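Just below is one structure, and these are the notes that go with it.
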């Protein structure tokens, strides 16, 4: 007979805090995008993408959905995996090596590029280990880590 061992409270609290940090990070990105959607579109256009205003709004909608997923735990593993891909894509697209240089701006671009990878690693770790006890555990993948298999 197997006995279900209760997860320590600190792990539940840490998972909740991590989810809320992810949610807050994407909420900040969302607010900055929507606050000046034209500037966001200009940034996207400068990177060489077509339909920059449409892509800016799609990015804002995606980030809003990520905020909901991280805050609630809904589709947590899926959101974490998609967010990790998105973050790496953003790093390579908007902070690529051609923007690096010896000047201060180039160093900031390099730092921005590098910072995307630990963020993606945290998202992958979160996808693997789940949203914690205090979450709405609904999704297509990651159900076994959420205790719903």
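Every number in this text was worked out from the coordinates using simple rules, so none of it is lab data. It should be emphasised that the depicted structure is a prediction, and the values quoted were computed from it without experimental measurement. Quick reminder, even Gly has a Cβ in these numbers, built from the backbone with ideal geometry, and neighbours come from all protein chains shown.
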Only one of (1) assigned to a helix (DSSP H, G or I); (2) over 21 Å from the mean Cα position of the chain (by Cα); (3) farther than 30 Å from residue 131 by Cα does not apply to residue 44, and that is (2)
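Just the residues that are in contact with a helix residue (DSSP H, G or I) (Cβ under 6 Å, 6 or more places away or on another chain) and within 13 Å of residue 135 (Cα to Cα), please, taken from the range 8-22. Write out each step before concluding.
First pass over the range 8-22, keeping only residues in contact with a helix residue (DSSP H, G or I) (Cβ under 6 Å, 6 or more places away or on another chain): 19, 22.
Matches in the range 8-22: 19 only.
Could you identify the single residue in 67, 34 that is closer than 20 Å to residue 135 by Cβ and in contact (Cβ under 8 Å) with a residue 24 or more places away in the chain? I'd like the intermediate steps shown before the answer.
On the way: 34 fails: closer than 20 Å to residue 135 by Cβ.
Among 67, 34, only 67 is closer than 20 Å to residue 135 by Cβ and in contact (Cβ under 8 Å) with a residue 24 or more places away in the chain.
Being in contact with a helix residue (DSSP H, G or I) (Cβ under 6 Å, 6 or more places away or on another chain) and either over 22 Å from residue 69 (Cα atoms) or loosely packed, with under 13 Cβ neighbours inside 10 Å (or both) is the filter here; which residues of the range 92-133 pass it? Explain how you work it out, then say what you get.
Keep residues of the range 92-133 that are in contact with a helix residue (DSSP H, G or I) (Cβ under 6 Å, 6 or more places away or on another chain), which gives 95, 99-100, 109, 113, 116, 119-120, 123-124, 126-127, 131-133.
95, 99, 100, 109, 113, listed by residue number.
Please pick out the residue among 128, 59, 64 that is in a helix (DSSP H, G or I) and under 19 Å from residue 14 (Cβ atoms). Steps first, please.
Values: 59 fails: under 19 Å from residue 14 (Cβ atoms); 64 fails: under 19 Å from residue 14 (Cβ atoms).
Testing whether each residue is in a helix (DSSP H, G or I) and under 19 Å from residue 14 (Cβ atoms) leaves just 128.
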TODO: Scan the range 83-104 and give yes if some residue there is within 21 Å of residue 18 (Cα to Cα) and touching a residue at least 60 places away in the same chain (Cβ under 8 Å), otherwise no.
DONE: yes
